[in-house]
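In what follows, a single structure is set out as structure tokens and then discussed.
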Amino acid sequence: MYLGKQVRLERILNRTTGRTIIVPMDHGVTMGLVDGLIDMREAVNDMAKAGADAVLMHKGLVRCSYRSSGRDIGLIIHLSASTALSTQGNTKTLVGSVEEGLKHGADAVSIHINLGDPNERVMLADFGRVAEACDNWHMPLLAMVYARGPEVKNSFDPAAIAHCARVGVELGADIVKVSYTGDVASFADVVAGCCVPVVIAGGERMNSDREVLQMVYDSLQAGGSGISMGRNVFQHPRRVELVRALRAIVHENASVDQALALMGE
């Protein structure tokens, strides 16, 4: 029995709690220059210092953010891309491979799928091929799955999110990333339909630290396994303190008030 995938997963999922704090930094391909990600080495250093479990980025950024000292942090290479300049921005295409991830020292790779998009079938086919390669190379796969398309009335509908999570696990993801449904009961249903860890996305910038921390806390009460949260983390004016507060909730079972106290709030 080969243990490569398990060894790599344990660099992302805390082996004591089974939970994770992932900070995606792949936004530049989609959006261009993004506040908080101009200096990638500083951004990764801050996340490592604060106690995040992994960062996620496109292959070309690894050379701009390699850590030669200090606390280690997991690396996830993102294989999907599209830009906001396109009329088909919800159609993701593969721009990397599992083999490239291995060459860059990645602990996992990730893909992005938008269900309901007119080109859904292309993205699902890519998902299948990447999942097969991940199994062949013993590489963990994180699948970001969202409901986004002309027939999708509400991408935050609990049934749609549960569908997204189910597609992720059925097609071979080792970790599934979806939007939060908005309440503990409905998100518990999402988690119940998955036999792999489910983490929540952060989405657009939120209005307050309490709102961010409460969402994370509630998702854990529903059985979630942590977060994969980008802009609400790396664009925060005190992002190191925020990640430490998130770590207290995710890995130390702190309450929202206790986490806020760590931030001096």
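What to note about this one:
- Looking only at segment 48-72, residues that are over 24 Å from Val98 (Cβ atoms), part of a helix (DSSP H, G or I) and not small (Gly, Ala, Ser) come to 1 in all.
- Residue in segment 114-124 that is under 29 Å from Ser65 (Cβ atoms) and assigned to a strand (DSSP E or B) present: yes
- Any hit, segment 99-111, residues being among the β-branched types (Val, Ile, Thr), out of contact with any Cys (no Cβ under 9 Å at 6 or more places or on another chain), touching a residue at least 24 places away in the same chain (Cβ under 8 Å) and open to solvent by 10 Å² or more (accessible area, probe 1.4 Å): no
- Close pairs from segment 236-265: first under 21 Å from Glu204 (Cβ atoms) and open to solvent by 40 Å² or more (accessible area, probe 1.4 Å), partner acidic (Asp, Glu) and part of a loop (DSSP other than H, G, I, E, B), Cβ under 9 Å, at least 6 apart: none
- Qualifying position, being modelled with pLDDT of 95 or more and open to solvent by less than 20 Å² (accessible area, probe 1.4 Å), among Leu61, Leu79, Leu13, Leu94: Leu79
- Enumeration of residues in segment 22-48 that are at positive phi and surrounded by 13 or more Cβ atoms within 10 Å (Cβ to Cβ): Gly36
For every residue, the table says whether it meets (1) under 30 Å from Arg247 (Cα atoms); (2) surrounded by fewer than 18 Cβ atoms within 10 Å (Cβ to Cβ).
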residue: Met57; (1), (2): yes, no
residue: Gln88; (1), (2): no, yes
residue: Pro118; (1), (2): no, yes
residue: Met123; (1), (2): no, no
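- Taking the criterion of being under 16 Å from Val23 (Cα atoms), open to solvent by less than 30 Å² (accessible area, probe 1.4 Å), of a type outside the set (Val, Ile, Thr) and in a helix (DSSP H, G or I), the residues of segment 216-235 that qualify are Asn232, Phe234.
- For segment 170-190, the tally of residues that are surrounded by fewer than 20 Cβ atoms within 10 Å (Cβ to Cβ) and in contact (Cβ under 8 Å) with a residue 12 or more places away in the chain stands at 9.
The values are calculated or read from the model by the stated rules, or taken from the named source; none is laboratory data. If you're wondering where the values come from, they're calculated on a predicted model, not measured in any experiment. Glycine gets a Cβ as well: all are built from the backbone with ideal geometry, and neighbour counts include every protein chain shown. In case anyone asks, the SASA skips ligands and DNA or RNA and just uses the protein heavy atoms, side chains included. Shrake-Rupley method; radii C 1.70, N 1.55, O 1.52, S 1.80 Å.
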